[in-house]
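Input: a single structure, listed below in structure tokens.
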Amino acid sequence: MPGLRPIARLALAVLLLPLLLAAAPLRAEITVTDLLDREVTLPRPAQRIVLGEGRHMTVLALLHDDPVALVAGWRLDKALDAPTLAAYRARFPQIDAIRPVGSGNRDISVESVIALQPDLLVLSLMDRGDPGMDRARQQVEAAGIPVVYVDFFSHPQENSIPSLTILGRLTGAEKRAADFAEFYNSRLERITERLADPAITRPRVFIHAHATPQNCCATVGAGVFHDFVTTAGGTNIG
């Protein structure tokens with residue numbers, strides 16, 4: 001606008017500003033439906049997460065090259081086993097900065113979670129229905145922190161990929177989640193096709209869960225590894 005006087009240029013800019021703002025791309029909110037059919041909305045991809053299960057770090061590692069950078073806190077009783085933690089520490093020394101937010105199988109400190117000012121708390125489907133955890137979830141949400149339920153343990157074959165997809169969306173890693181889902185489903189389909197012949201012998205299988213304790217033995221009945229055993233052609237004696 002070289003031919004316009006300064007006052008005219010200013011007036012034209014004021015008139016054009018609403019149009020320019022309307023045309024500018026807006027960052028859309030992220031909304032997912034979790035494993036309890038609850039809608040969870042974030043204003044942007046989560047960058048500061050509290051994990052109700054420390055083992056979900058492995059899931060984040062499928063989605064992000066540096067999963068530790070996304071985690072501000074985790075529940076200590078479900079943190080990683082010693083060898084796995086050592087391997088993570090060797091690659092990501094900042095893992096020791098992750099703060100504990102609770103202890104026990106179904107216990108979490110609301111105060112500790114809120115103090116970390118996370119943008120997302122990830123809980124497991126196994127937390128559902130526990131009175132203490134339900135109350136904690138309500139208090140965390142009342143503080144303005146979104147809570148999402150996922151499941152990689154109760155029914156992993158059924159819920160792992162939907163849960164991975166949820167976390168992929170909430171952390172801005174939809175493409176990597178979709179790529180892994182495609183890989184997973186293609187291999188699962190290959191296994192089920194090859195085992196479709198009823199003449200194939202079905203071996204009896206015992207899964208030794210929690211194998212590190214000295215006393216033998218613990219195994220699973222329905223759920224957890226059961227579906228993997230039967231899909232792989234075995235009979236779970238648990």
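The values are calculated or read from the model by the stated rules, or taken from the named source; none is laboratory data. Note that this is a predicted model, so its numbers are computed, not measured. With ideal geometry, Cβ positions are generated from the backbone for all residues, glycine too; neighbour counts draw on all protein chains shown. These area figures cover heavy atoms from the full protein model, side chains too; ligands, DNA and RNA do not enter into them. Shrake-Rupley method; radii C 1.70, N 1.55, O 1.52, S 1.80 Å.
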Exercise for review: Quick one: what are the phi-derived ³J(HN,Hα) couplings along the range 223-229, Karplus 6.51/-1.76/1.60 with θ = phi - 60°, whole Hz, x for glycine and proline?
Suggested key: x, 6, 7, 4, 5, 5, 4
Point to revise | For residue 236, distant residues with modelled amide H under 5 Å away | key: 205
Review point. Going by a ≥ b ≥ c, the root eigenvalues of the Cα gyration tensor, does the range 141-190 fall in the rounded group (a/c under 1.5), the prolate group (a/b larger than b/c) or the oblate group?
Key: oblate
Review point. Quick one: accessible area per residue over the range 30-195, 1.4 Å probe, rounded to a whole number of Å²?
Key: 48
Check your understanding: Per-residue HN-Hα couplings for the range 90-97, Karplus 6.51 cos²θ - 1.76 cosθ + 1.60 at θ = phi - 60°, whole Hz, x for Gly and Pro?
Key -> 5, 8, 10, x, 6, 4, 6, 7
Exercise for review: Whenever you get a sec, compute what percent of the accessible area on the range 30-195 sits on carbon and sulfur atoms (1.4 Å probe).
Suggested key: 51
Point to revise | Mean separation of Cα contacts under 8 Å (6+ apart) over length of the range 32-159, as relative contact order % | key: 28
**Study point:** residue 143-residue 210 pseudo-label distance in nm [points 7 Å out on the Cα-to-Cβ vector]
**Key:** 2.9
Exercise for review: Starting at the first residue of the range 173-190, write each ³J(HN,Hα) from the Karplus equation 6.51 cos²θ - 1.76 cosθ + 1.60 with θ = phi - 60°, in whole Hz, x for Gly and Pro.
Suggested key: 10, 4, 5, 5, 5, 5, 5, 5, 4, 5, 4, 4, 5, 5, 6, 5, 5, 4
**Study point:** Protection-proxy order for peptides 28-34, 195-201, 176-182, 158-164, each taking the mean of Cβ atoms within 10 Å per residue, highest first
**Key:** 158-164, 176-182, 28-34, 195-201
Point to revise | Cα gyration tensor category, rounded, prolate or oblate, for the range 111-234 with a/c compared to 1.5 | key: oblate
